[in-house]
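Below is one structure, written out as structure tokens; the observations come after it.
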Amino acid sequence: MIRLLLRRPLTLIGTLIVTLFLVLALIGSLIAPYGYAELVGRPRQAPSADHLFGTDQLGRDVFSRVLWGAREIIALPAVTTVLSVVFGTALGLAIGYVGGWVDEVVSRALDSLLAIPALALALVMLGVFGASSIGIIAVITLLYTPIVTRVVRAATLSARSAGYIEAARLRGESLTYILFREILPGVLPALTVEAALRFSYAIFLTASLGFLGLGVQPPSPDWGRMINEARGGFSQMPWALWFPAGAIALLVIGVNLLSDGLRRIFRYEGELR
Amino acid sequence: MAHESTRPVAQADALTIEYQIGDRWLNVLHDITFHIQPDEIHGLVGESGSGKSTVALAMMRYLAPNARVVSGRAVLDGDDLLTKNDGEMRAIWGRQIAYVPQDPLAALNPSYTVGEQIAEVVRQGTRVRRAAAWTSAVTILRTVGIADPDVIARRYPHQLSGGMQQRVAIAMALSTQPRLLVLDEPTTALDVTTQAVIVDLFRDLIRDNHAAALYVSHDLGVIARLCSWVTVLYAGEIMASASAIDLFKHPLHPYTISLLASLPRPLTGSQTRLPTISGAAPSLSDRPHACVFAPRCPAALALCHAEKPPLEQINDDGGRSRMIRCHRWREIASGDLVIDTTPMQGAGDAPPRDGYVLQAHHLSKSYDVPNALDRVLAPGKRPIHAADDLSIMVRARSTLGVVGESGSGKTTLARLIVGLETADAGSLELLDMALDLKVGRRPRAALRELQMVFQNPNSAINPYLSIGAQLGRAVHRLSKESIETGGRLTRAQIAARVMALLEAVRLPADYATRYAAELSGGEKQRVAIARAFAADPALVVADEPTSALDVSVQSVILNLLKDLRATRGASYLLISHNLEAVAYLADWIIVMYLGEIVETGTVDQVYGVPSHPYTEALISAIPVPDPTALRGDIRLHGEVPSPRHLPTGCRFHTRCPRKIGAICETTPPPIQDAGDDHLIRCHIPIEELTRLQS
């Protein structure tokens, strides 16, 4: 698996980028030269040896804030991805296997949820319930669970009538055994690719919410809000915008390259089977 | 002879083709040489993976993107097609060469009526006016035996049955009067009765149009019925090429001899087994470098494993040369070497016992029953009657075969019994105990006695779990110990039983660690059988267990089932459309039509006289691998009626060749006893049936 990831140059690049950001999320706060809210000097300094990415409008070190912010921008989407994959898998397996009117009702409900633009729904809900990390996680999980559900449901439907599932019924296996031991292993490839894709979208959505001021509240170093704050002073200090924006772009590209690579790997294995 | 002087229509000349798989070039066809004379139907027969479809496509210069021609020519009317480009081929494709694929829907555009599509082909070929083209399209449809061509021409492909679609595909192929017709397994997806009608149609049409045809099939019976010359392909090489009479009556190649001998057929005695070919066909990547058949050949010498035999021409009577690729054909021809094809002796003998394993009483099942909403919105809607008042009994240690066309309800019957579908009405008894109709309510002690083998080996075992894990799970769930005493088998005990199961189905022990992707179709089906036998069930329901397998593997699986019945004392309910396979294994046979049992009896009774007119037609439709055989001439015309709108009276009256009159249309026929529990559901008196059929 690891070897397959490293074989294709683009996948390798994606893997390296994602690994870099994961490391940053873990130890970013340790290697950051300054605190994220620390006023370190004159505002609006250009990048220099002291302040690699310059300073922002309040005189905070942009490099340190990007490093500190990595945790937020990775952790929130990671949590939402895990949650939506867990909920989506359980729901998708259940309605795909049970079928009938249960499937019909749940599927249509999820479809109607999907019909609402993601950002609009997030804005309304965060507006009502107030912006917080928990709120963001809840909203994005709600938005992405139906998508994961659909992927898992489709894979489950195609497995449901397979002989090995009927054989399991004929030896009296429980529903949970059939769902999680017989069907789930076959859904895993599609699920892995979907999880990587959800992760990259969640990063984007989290950053968008931050940009709109509905992210984690100041002074915590949210990349989205950093972009928004730097927007006003763009002509005097473009670096304060470049670096967080570049970091988001790089991360999303990295995750996408990786999920592309995963997709290829699973299809390749599919041919071998 | 006269035909030697005429130029062949098509010719393959030392054709060698490779496929690129990953970064390797693998030889898919090696040194293919044959020719097709005018008016000839040339049969190309081989198992899956033998390269027969590649040959068919290469003859049209239609190669996969990852294919390359290493050497050789594919000639049509003296021109090598392989040197032509796509532009030049466009004038040939569809006009001089026409193609009929296995799946007619692949050849038909779903968004145009079939009449429009045929008219389009006619217009391309002859540039006539639209109205004239439509008229000739309708005429063409009439020539392929479509009774109301005006109506059918206005239909879309999906509105037609499989047999009708295949007629349209052949009509389209013939519409430009091509020089060569290439047919790739065109009847494989059809029911045996429809297949017989379509094969007859092909033969007449090809003769009437003076076309030459290359007919690709895995079915030796169809080839024997249709073709005058036959080429046998194995692992990308020609094993033999001879006239149909020579090939089927005096085969010279060990592969042909063994293959013909292994075909399922009724054999007397419960201990006799079909002769088989050991092993499996090599995959593309590990074909032997010497004789490709040597690893499975019963007569292979050291020479056969060391050196590839040449494709030799045999010409003993001055006629067209027969071809053979075998080091030892001279010994076989002279009679010095005899390939042993006598039926083998099987393990143990277990004649049927008294008493019944399973009794099913009055099982009925309808699908798509109108609900309250339908009664308002679609008042005319009717349910699909899949099974109607079915009562069957399976005796201990015996096999009950169930035959019928698709739509006869035979698979529904199997699923109702194992409980995968729940019967609307009726009752079941397993080993004299009442059995719940729902599988979820059956105790595990009942589940272990009733197991199933599925039709499709590719989905029968979980691709993501090892073989050992799956067999182990079945042992764990179904073993007597865990059910009756609630105790658990230890890992070592389970592993030991898995090994014993693998041995029983003749798979090596190391298969326990393998996954489905590493197994051939036949091996997967053995694993599925092993799983069904995990706890020595009393009854195994097998739904078309061999129909997805290659000919040379089918006999192995049928023998295995017969052996397991003898050694483990199980009974079978064997569902199949293949009467010959059923007759080999079964003691009793049930014939079904449109959800109803029309005949019940022993194998001899059902095969003999008298029998139900439907059974008679089914047997008559079986393609026999013998070109000189007296051909059954009873054909069922028309379509199987929809199970939503069952015919009144006798359900078979719309197609019955022996219909006696109005009574068949109005009154459901009685069940008559022809003696010794041989039951026939028909209005024709038994004596009259006997007289008609003798």
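In table form, for the structure just shown:
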read-out	value
Computed [θ] at 222 nm, deg cm²/dmol, chain A (DSSP H ≥ 4; -39,500 (n - 2.57); rounded to nearest 500)	-25500 deg cm²/dmol
Prolate/oblate/rounded label for the stretch A:19-165 (Cα gyration tensor, a/c 1.5)	prolate
Distance from the stretch B:183-216 to the stretch B:18-56 (C-alpha centre basis), Å	20 Å
Cα-based radius of gyration of chain B once divided by 2.2 N^0.38 Å, which approximates compact folds	1.01
Other protein chain Cβ atoms within 10 Å, averaged over every residue that makes up B:458-470	5
Listed residues B:SER611, B:HIS678, B:PRO627: farthest to the positive end of the dipole of the stretch B:608-693 (Cβ charges)	B:PRO627
Chain lengthening between A:PHE129 and A:PHE234 when straightened (0.36 nm per residue, less Cα-Cα)	34.6 nm
Percent breakdown of C-alpha pair distances by 10 Å bin, ordered from the shortest bin, for the stretch B:394-508	11, 34, 37, 17, 2
Distance between modelled label sites at A:ALA154 and B:THR6, nm, 7 Å Cα→Cβ extension	5.4 nm
Antiparallel bridge percentage (DSSP; both residues within chain B; nearest 5)	60 percent
Residue-span extension gain [B:ALA306 to B:SER278] - 0.36 nm each, minus C-alpha spacing	8.1 nm
Among beta bridges that DSSP assigns inside the stretch B:356-591, antiparallel share in %, nearest 5	45 percent
Kirkwood hydrodynamic radius of the stretch B:246-334, from inverse mean 1/r over distinct Cα pairs, in Å	14.8 Å
The stretch A:219-233 and the stretch B:274-326: distance between their alpha carbon centers, rounded to Å	77 Å
Estimated FRET transfer efficiency when R0 is 22 angstrom, pair B:LEU377-A:GLU104 (beta carbons, to 0.05)	0.85
Anchor B:LYS410: lysines whose Cα lies under 16 Å away (excluding residues fewer than 8 positions away in-chain)	B:LYS365
Estimated FRET transfer efficiency (B:GLU88, B:ARG154; beta-carbon r; R0 35 Å; 0.05)	0.45
Rounded if a/c under 1.5, otherwise prolate or oblate - the stretch A:131-273, Cα gyration tensor axes	prolate
Shape category assigned to the stretch B:608-693 from the gyration tensor of Cα positions, a/c cut at 1.5	oblate
Radius 10 Å from Cβ of A:VAL151, net charge of other residues (Lys, Arg +1; Asp, Glu -1)	+2
Neighbour-count ranking [beta-carbon atoms within 10 angstrom, fewest first] of A:MET125, B:MET164, B:MET499	B:MET499, A:MET125, B:MET164
Exposure proxy ranking, count of Cβ atoms within 10 Å, fewest first, for A:TRP242, B:TRP25	B:TRP25, A:TRP242
Helical segments meeting 30 Å axial Cα length and Kyte-Doolittle 0.0 threshold in chain A (DSSP H)	A:9-31, A:62-98, A:133-160, A:184-211, A:239-272
Cβ-placed point charges (K, R +1; D, E -1), dipole of the protein assembly as shown about Cα centre in debye, nearest 20	2260 debye
Charge dipole (debye, nearest 20) of chain B; +1 at Cβ of Lys and Arg, -1 at Cβ of Asp and Glu	1440 debye
Cα centroid of the stretch B:551-630 to Cα centroid of the stretch B:65-92, whole Å	45 Å
Calculated Rg and Dmax of the protein assembly as shown using C-alpha coordinates, Å	34.0, 114
Cross-link partners of B:LYS249 among lysines (Cα-Cα below 22 Å; sequence separation of 8 or more within a chain)	none
Simple spin-label estimate for B:ARG691 and B:HIS210 in nanometres, 7 Å along Cα-Cβ	4.8 nm
Inter-label distance, nm, simple model (7 Å from Cα along the C-beta direction), B:LYS249/B:HIS289	4.2 nm
Normalised convex hull volume, the stretch B:185-241, alpha-carbon set, Å³ per residue	85 Å³
Projected area averaged over orientations for the stretch B:356-591, convex hull of C-alpha atoms, nm²	14.2 nm²
Ranking of A:VAL128, A:VAL151, B:VAL475 by count of other Cβ atoms within 10 Å, fewest first	A:VAL128, A:VAL151, B:VAL475
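Here, each number is a calculation from the coordinates, and none is a lab measurement. Predicted model, so just to flag it, every value in this text is computed and none were measured. Cβ atoms come from the backbone with ideal geometry, glycine included; neighbour counts cover every protein chain shown.
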